[in-house]
Structure formats: C-alpha cells, structure tokens
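Q: The structure's right below; bear with me while I get my questions together.
The values are calculated or read from the model by the stated rules, or taken from the named source; none is laboratory data. These numbers were taken from a predicted model, which means no experiment stands behind them. So basically every Cβ, Gly included, is an ideal-geometry build from the backbone, and we count neighbours across all protein chains shown.
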C-alpha cells in the first residue's frame, strides 16, 4: 500500500517560492533546495510520487526555489564551480532561512516532527555541509553530492555531523508516554553516486568517486557503519536525478521510523525490497 492517492500540493512564497507536498498523515518533514533544472519533465512531482510509493510513512515535503543555485548552496568559493564573486558567500544565509523561517513555518503547521535535509548535486553537498553546522536535521539524503570541490575532505574531517536533538510529539512515531520526548539520535546519512560519474573528462569532477568513498568511510567512523549507506547507481550525473534523490529520502524516512518506533520494521516496509520502483 502506498501514499500516492493522498498527495496534496500547495504553492507558497516564504521569502522565496516554495512548493509543498503533503502525503498522508505527515510524520516527518523533508526539505530540498530546487532550481529550474529540477522542474524539467515534472521531476519534482515525480520525486514525491516515488518517495510516497517507497515509504508507508506520511510526510510533508517542501522544495524551496534557489534562483541562483551556486550562490545559494556553495559553502565557499571554488572557480571550478563558478567565477562569480558572490558564490561561496550565501550558504549561511540559505541555512538561516531554513532554520529560522522555513522549518518553523512547517512545524507550526505539522508539529515538532523530525526533519530530513536533502538534495542532488550541489543540493546534496549543501545538505552535508548544513548538517555539520546545525543539529536541526534528523537525517541527510545526499544524492550525487558535489564533494569534489576544493577543501571538502579537510573540512568534513574537522567538522563532524551534529547529532539531532529530536522532540517527539503528536506523532505515531512517538513513544507511548504522552509527554514530549527529547532525545539525541545518530543521524542517518544516505550517499549515492552514478558509477560513470568518476569517468568523466573533467579532471576535478572525475575525483568524485574517491571523494564520495572517502566521505562514506569518514561518516562511518564519525557516526556508525549502520547509520550510513552508499548506494551506487548505473549511469552518469544526469538523467535520473528524481529517482536517486527519492530513493535517498525514502531510505532516510525508514531509518527515522525505525529509530522512533524502536521496533523491527515489517518486511513489507524494507526499502531494499522496493528499490525497483525507482527505475521502472
């Protein structure tokens, strides 16, 4: 049984245009930066549909528009990404917008639910950077993250993922005690990459395979091997953005559900058993 028959869509302007999708009875919040290229072929809606098919847990997902993709998401300057002098200056502004405007708006409407940050390419890079700068996120869905930017390995090693302080209330994921529970949990991280991405001609970008492997090893050391997964997809960087990102979010949702319930998920909700839905 899936959530695809109960998807509601709304558009809002919360400092920037946002698309909100509400699937079932939300038990988790999903946040993803988006740009025009992700709107092609109805990619945003397709991604939501795939997450809903893969997870029995209801969710509210918001895509916020990044008009200037690199400016909004790059944590520091790198000429290999852009020579725009503004690139590398505004990622903290984007994170403040999420923490102090977007997330409070979501929680005022849906309650103090756990929040997953995620994205594709620079969006995945931003998600991993953001989770090292705030404890606001319960999980990270980083699909084909641009970890080849200069200095990432050194930065990641010096800045571990911050464990989320989760408040559980008004949710089927809560404990039987009706009093809100404040707990510290390990952050599940989903990394993914296309198996042809490291075979490109660009000398910087072809390092991506080694960079993602290094990030996976580092996160396993900083968190735990059971909290981190690295998924290899067939293909290059382009062509299956929605499918890869949806799989990353769906995996994170199930990890959070298992943490909150503290019980074994039924076999029918095992994300591995439904992976084929992403690539029909």
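Q: Of all residues in region 13-34, which are within 15 Å of the chain's Cα centre (by Cα) and more than 16 Å from residue 116 (Cβ to Cβ)?
A: none
Q: Please verify whether region 208-216 includes one or more residues that are at pLDDT 95 or above, in contact with a strand residue (DSSP E or B) (Cβ under 6 Å, 6 or more places away or on another chain), surrounded by 14 or more Cβ atoms within 10 Å (Cβ to Cβ) and closer than 30 Å to residue 28 by Cα.
A: yes
Q: Another question, then. Of the conditions (1) surrounded by fewer than 20 Cβ atoms within 10 Å (Cβ to Cβ); (2) at pLDDT 70 or above, residue 188 satisfies every one except a single condition; which number is it?
A: If we test residue 188 against (1) surrounded by fewer than 20 Cβ atoms within 10 Å (Cβ to Cβ); (2) at pLDDT 70 or above, just (1) comes out false.
Q: Right, something else. Among all residue pairs at least 6 apart or on different chains, which show Cβ distances below 9 Å where the first residue, located in region 106-121, is on the phi > 0 side of the Ramachandran plot and surrounded by fewer than 24 Cβ atoms within 10 Å (Cβ to Cβ) and the second is part of a loop (DSSP other than H, G, I, E, B) and at pLDDT 95 or above?
A: Listed pairs, sorted by first residue: 121/144; 121/145; 121/146.
Q: Does region 47-101 hold any residues that are within 21 Å of residue 27 (Cα to Cα) and free of Cβ contacts under 8 Å to residues at least 40 places away in the same chain, and which are they?
A: Quick first cut of region 47-101, residues within 21 Å of residue 27 (Cα to Cα) only: 47-64, 98-101.
Across region 47-101, the qualifying residues are 99, 100.
Q: Is it the case, given these coordinates, that residue 97 is within 30 Å of residue 255 (Cα to Cα), at pLDDT 95 or above and crowded, with 20+ Cβ neighbours inside 10 Å? Write out each step before concluding.
A: Working: within 30 Å of residue 255 (Cα to Cα): yes; at pLDDT 95 or above: yes; crowded, with 20+ Cβ neighbours inside 10 Å: no.
So residue 97 does not fit the description; no.
Q: Something else: Conditions first: (1) in contact with a strand residue (DSSP E or B) (Cβ under 8 Å, 6 or more places away or on another chain); (2) buried (at least 22 other Cβ atoms within 10 Å of the Cβ); (3) at pLDDT 90 or above. Residue 55 passes all but one, so which condition is the exception?
A: The single condition residue 55 does not satisfy is (1).
Q: Of the residues in region 30-65, how many are in a helix (DSSP H, G or I) and over 20 Å from residue 107 (Cα atoms)? First the steps, then the outcome.
A: Residues of region 30-65 that are in a helix (DSSP H, G or I), as a first pass: 36-54.
From what is left, the residues that are over 20 Å from residue 107 (Cα atoms) are 36-47, 49-54.
Qualifying residue count for the region: 18.
Q: Considering only region 13-29, I want to know if a residue exists there that is on the phi > 0 side of the Ramachandran plot, touching a strand residue (DSSP E or B) at 6+ places or on another chain (Cβ under 8 Å), modelled with pLDDT of 90 or more and part of a loop (DSSP other than H, G, I, E, B). Quick ask: steps written out before the conclusion?
A: Our first condition is that a residue be on the phi > 0 side of the Ramachandran plot; within region 13-29, this holds for 15, 24.
After this cut, where a residue has to be touching a strand residue (DSSP E or B) at 6+ places or on another chain (Cβ under 8 Å) as well, the list is 24.
Narrowing the set further to residues that are modelled with pLDDT of 90 or more leaves 24.
Restricting the remaining residues to those that are part of a loop (DSSP other than H, G, I, E, B) gives 24.
Within region 13-29, one or more residues are on the phi > 0 side of the Ramachandran plot, touching a strand residue (DSSP E or B) at 6+ places or on another chain (Cβ under 8 Å), modelled with pLDDT of 90 or more and part of a loop (DSSP other than H, G, I, E, B).
Q: Taking region 127-145 as the region of interest, how many residues are assigned to a helix (DSSP H, G or I) and touching a strand residue (DSSP E or B) at 6+ places or on another chain (Cβ under 6 Å)?
A: Of region 127-145, the ones assigned to a helix (DSSP H, G or I) are 127-130.
Remaining after also requiring touching a strand residue (DSSP E or B) at 6+ places or on another chain (Cβ under 6 Å): 127-128, 130.
The qualifying residues number 3.
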